[in-house]
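Enquirer: After the structure tokens below, expect a handful of questions from me.
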Amino acid sequence: RHPIRMEYKDENGFNYIFNLIDTPGHVDFSYEVSRSLAACEGALLLVDAAQGVEAQTVSNTYLAIENGLNLIPIINKVDLQSAMVDDVKIQIMELIGCRENEIIEASAKNGIGIKDIFNAIINRISPPNNNNNLKTRALIFDSMYDNYRGAIAYVRIFDGKLRKGMTAKFFAHEKEYEITETGYFILDKIKTGELGSGDVGYVVASIRDMSHIEPGDTITL
């Protein structure tokens with residue numbers, strides 16, 4: 001489960017930036033899933049062609065719908081001998097009420113349907129608004145602890161910007177920290193000058209107490 005930022009050039013030569021946030025599929029992590037979905041404009045609904053729609057698929061789909069996200073239904077592993085593509089299509093249509101031609105057939109292993117998924121993200125999901133001029137709001141959706149840099153917040157910027165030298169205020173408990181680094185997730189953490197509205201990235205601020213970073217909290221300045 002890891003966020004990633006990737007660049008994609010379509011067949012017309014246009015460049016796009018995708019900020020992708022993976023979510024745990026298990027139903028026990030519903031709060032973590034809800035925080036991840038709250039950070040997004042849309043969601044890829046991945047269903048295994050051999051397993052079909054499962055209980056956690058239903059609960060996580062309802063969470064995405066409650067968050068008002070545009071859903072892109074995808075059947076993965078269509079290359080397997082045990083794939084039940086037609087049956088799974090019916091299950092997905094019953095679950096979200098989509099049309100059959102909206103469902104993408106894919107195989108990550110063999111590269112089937114990958115371009116269709118990218119094009120669907122571009123065409124079906126609206127990009128975030130440019131709110132760099134507004135007061136800063138960043139949603140914490142996850143975190144990790146680094147022995148050298150302390151607790152690191154994983155954030156989605158909704159408004160304003162975060163950069164090194166700014167003083168971040170954590171809304172839930174009003175703790176304040178000076179930001180020492182911001183960056184993107186590109187396989188590894190890549191330092192950047194600032195994070196702006198629509199960006200997904202991380203914030204380092206020499207935070208030694210993990211309890212000061214709560215998923216669902218908002219960072220302001």
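Enquirer: Let me have the 222 nm mean residue ellipticity of the chain computed from DSSP H runs of 4+ only, each contributing -39500 (n - 2.57), with the sum over all residues rounded to the nearest 500.
Expert: Computed ellipticity for the chain at 222 nm equals -6000 deg cm²/dmol.
Enquirer: While we're on this one: Just to confirm a number: summing +1 for Lys and Arg and -1 for Asp and Glu over residues other than Glu178 whose beta-carbon lies under 12 angstrom from that of Glu178, what do you get? If you can, show how the numbers build up before the last one.
Expert: Details: positive: Arg163, Lys164, Lys169, Lys175; negative: Glu176, Glu181.
Neighbour charge sum, excluding Glu178 itself: +2.
Enquirer: Also, I was wondering about something else. Among Gly150, Gly42, Gly13, determine the one that fluctuates most according to a GNM of the chain built with springs between C-alpha atoms less than 10 Å apart.
Expert: Gly13
Enquirer: Okay, next question. Measure up Lys169/Lys191; Lys115/Lys164; Lys109/Lys135; Lys115/Lys189; Lys9/Lys169; Lys135/Lys191 against 32 Å on the Cα-Cα distance and list the ones that go over.
Expert: Violating the 32 Å Cα-Cα cut-off are Lys115/Lys164; Lys109/Lys135; Lys9/Lys169.
Enquirer: To continue, here is another question. When the accessible area of the range 1-155 is split by element with a 1.4 Å probe, what percent falls to carbon and sulfur?
Expert: Values: 4160 of 8830 Å².
Answer for the range 1-155 is 47 percent, counting heavy atoms of protein chains only.
Enquirer: Considering the chain as a Gaussian network with a 10 Å cut-off on Cα pairs, which listed residue, Asn130, Asn60, Asn15, attains the greatest mean-square fluctuation?
Expert: Asn15
Enquirer: Please report the equivalent ellipsoid semi-axes of the range 125-176, computed as sqrt(5 x eigenvalue) of the Cα gyration tensor, largest first, in whole Å.
Expert: That gives 22, 14, 11 Å for the three semi-axes.
Enquirer: I would also like to ask the following. Compute the long axis of helix 114-124 from its Cα atoms, compare it with the longest principal axis of the Cα atoms of the chain, and write down the angle in degrees, 0 to 90, nearest 10.
Expert: Taking Cα atoms only, the helix is inclined about 70 degrees.
Enquirer: Skip the ligands, DNA and RNA, and give the accessible area per residue of the chain with a 1.4 Å probe, whole Å².
Expert: Counting only protein heavy atoms, the per-residue value for the chain is 54 Å².
Enquirer: Above 28 angstrom, tally the Cα pairs of the chain and express them as a % of all pairs, no decimals.
Expert: Values: 8397 of 24310 pairs.
Of all Cα-Cα distances in the chain, 35 percent exceed 28 Å.
Enquirer: Convert each backbone phi in the range 40-56 into a coupling constant with the Karplus relation 6.51 cos²θ - 1.76 cosθ + 1.60 (shift: θ = phi - 60°), then list the ³J(HN,Hα) values in order as whole Hz, x for Gly and Pro.
Expert: With coefficients 6.51, -1.76 and 1.60, one gets 10, 9, x, 9, 8, 8, 8, 10, 5, 5, 8, 10, x, 6, 10, 4, 5 Hz.
Enquirer: Another one. So which residue, out of Tyr184, Tyr145, Tyr202, gets the largest mean-square fluctuation from a GNM of the chain using Cα contacts under 10 Å as springs?
Expert: Greatest mean-square fluctuation among the candidates belongs to Tyr145.
Enquirer: Tell me whether the range 129-221 comes out rounded, prolate or oblate; compute the Cα gyration tensor, take square roots of the eigenvalues as a ≥ b ≥ c, and use a/c under 1.5 as the rounded threshold.
Expert: oblate
Enquirer: Further question: What shape does the range 37-123 have by the C-alpha gyration tensor, where a ≥ b ≥ c are the square roots of the eigenvalues, rounded means a/c under 1.5, and otherwise prolate means a/b greater than b/c and oblate the rest?
Expert: Oblate.
The values are calculated or read from the model by the stated rules, or taken from the named source; none is laboratory data. Keep in mind that what you see is a predicted model, and the values were worked out from it rather than measured. All Cβ positions, glycine included, derive from the backbone under ideal geometry; neighbour counts span all protein chains shown. Heavy atoms of the whole protein, side chains included, go into the accessibility calculation; ligands, DNA and RNA do not. Shrake-Rupley method; radii C 1.70, N 1.55, O 1.52, S 1.80 Å.
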